[in-house]
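The next block holds one structure in the form of structure tokens; read it before the comments.
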Amino acid sequence: MSEVRRNRAELARDKKATFGADVDLLQYQILAEDQAKALDLDNLTTEDREKIIQSGVDLEENNRAGTFLQTDHRISHCAAKQPGLEVLPMAQALEEHPWLEELYWQAVPVDADKYTAQAELHFQNGYFIRALEGQQVTTPVQACLYMKHESTAQNVHNIIIAEEGSELNIITGCATAPSLQSGLHIGISEFYVRRGAKLTFAMIHDWAEDVVVRPRSGIVVEEDGLFLSNYVSLKPVRSLQMYPTTRLTGPGAVARFHSILVAPPGCELDTGARVVLEAPHTRAEIISRTLTTGGVIKARGHLRGLEKDVKAHLECHGLILSDQGIIHAIPELEGHKAGVEMSHEAAVGKIAEEEIEYLMARGLTEEEATATIVRGFLNVQIEGLPPELQARVDLAIEESEKSML
């Protein structure tokens, strides 16, 4: 079976596992070229600046190797500050690098579903980020996809490449303007980690309460490559559905996924990750921390071992703070050869009364005790995450703590 056909078969099976809720694409308008005004870093309003900063972007560009900012479908800012690093709008990258056509829609099939189809039919740029061979881009590159117009669809396509022997760290934030209530974000992201390369990708989402989000991602990791994905969603969003698939194609390839999710009332999160271990001596890890204060979370994970001498672990811990909240933990292990070593751990529950009573006996109020337990539950130190990205994740959790309880 060809790679594209294999991906289609995997995605077809995903459709049976997702929530049944559908999205009417006709509810959201596609902005014409002249309908949106690009916001550059100098003319952002105070409210826009605050929202973008909350998504992890440093508008002063301090300690950043490059920056990409897109507002609706217009490019607001794009720059690379380090040699050996490319940061370009996707349309420009396709013009300057004809070889990109060979990668375009390879990790994610264009006909996977109606969201991938819309991203192709109504392409609205996105970012191209690339570390050249042997380059160590340890200072984070930052990217932000910002939505400002009410009831619009933002359709972007991103490609990220860590060439052979390189290192690339990216922090990306997606957010909506304070005045925006409703919208649709479709983000296609294709990642290519070449032999011996390392790519760390941290994403922080800060959407409005009635926004629908449909990321579609695919990752290919070659021999001795390392892909680290860290995803944080702590604010209300009406519906989020994402299930990236990673293929470990070369011996020694490694993929790790870590996610921290909070679902307030009215929020539906259908998330997870799949890793296909196609080569011997590959490793994978999927770890999620989910918390509901009234929303619904489906936390899925799928580890598929196709060769011997592979190791993988799946872990999902869920915490329910409201009787209206629901968490589905769905781990899936699939081994095809003798010698695969895969494990999973899943747990869903509430805060134990004895834990609260223990802390209250030491002088904390009930609210303080609950906040302390929640903070400890969500504050997961992520192995291999650069200090700048770990600090941003910690800050996002701290800023959202009050609204969770």
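The values are calculated or read from the model by the stated rules, or taken from the named source; none is laboratory data. Quick caveat: nothing in here was measured; it's all calculated off a predicted structure. All Cβ positions, glycine included, derive from the backbone under ideal geometry; neighbour counts span all protein chains shown. With ligands, DNA and RNA removed, areas are computed over all heavy atoms of the protein, side chains included. Shrake-Rupley method; radii C 1.70, N 1.55, O 1.52, S 1.80 Å.
Mind checking the per residue accessible area of the chain for me, 1.4 Å probe, whole number of Å²? Walk me through the numbers on the way to the answer.
On the way: 16300 Å² over 405 residues.
With the other protein chains kept in place, the chain gives 40 Å² per residue.
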Looking at Gly325, Trp105, Ala119, which one has the Cα that reaches farthest to the positive end of the dipole of the chain (charges on Cβ: Lys, Arg +1; Asp, Glu -1)? Trp105
When the helices in the chain are scored as -39500 (n - 2.57) per DSSP H run of 4 or longer and the sum is shared across all residues, what 222 nm value do you end up with, to the nearest 500 deg cm²/dmol? -6000 deg cm²/dmol
Alpha carbon centroid spacing (whole Å) that separates segment 85-103 from segment 248-303: 29 Å
For the chain, whose charge dipole is built from +1 on Lys and Arg Cβ atoms and -1 on Asp and Glu Cβ atoms, the candidate among Gly56, Asn158, Leu234 with its Cα farthest towards the positive end is Asn158
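Which shape class applies to the chain: rounded if a/c is under 1.5, otherwise prolate when a/b exceeds b/c and oblate if not, where a ≥ b ≥ c are the square roots of the Cα gyration tensor eigenvalues?
Working: a/c = 1.41, a/b = 1.10, b/c = 1.29.
Cα axes put the chain in the rounded bin.
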How much of the DSSP bridge set in the chain is antiparallel, in percent, rounded to the nearest 5? 10 percent
Over the chain, with every protein chain in place, what whole percent of the accessible area is carbon and sulfur at 1.4 Å, could you tell me? 48 percent
Quick check for me: using +1 on Lys/Arg Cβ and -1 on Asp/Glu Cβ, what's the dipole size of segment 91-161 about its Cα centre, in debye to the nearest 20? 300 debye
Calculate, in whole percent, how much of the Cα-Cα pair population of segment 121-179 lies beyond 16 Å. 54 percent
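Please give the peptides 76-83, 137-144 ranked by average Cβ packing (other Cβ atoms within 10 Å per residue), highest first, as a rough proxy for protection. Show your work: numbers first, answer last.
Values: 76-83: 16.1, 137-144: 23.4.
Per-residue Cβ counts within 10 Å, averaged per peptide and sorted highest first, yield 137-144, 76-83.
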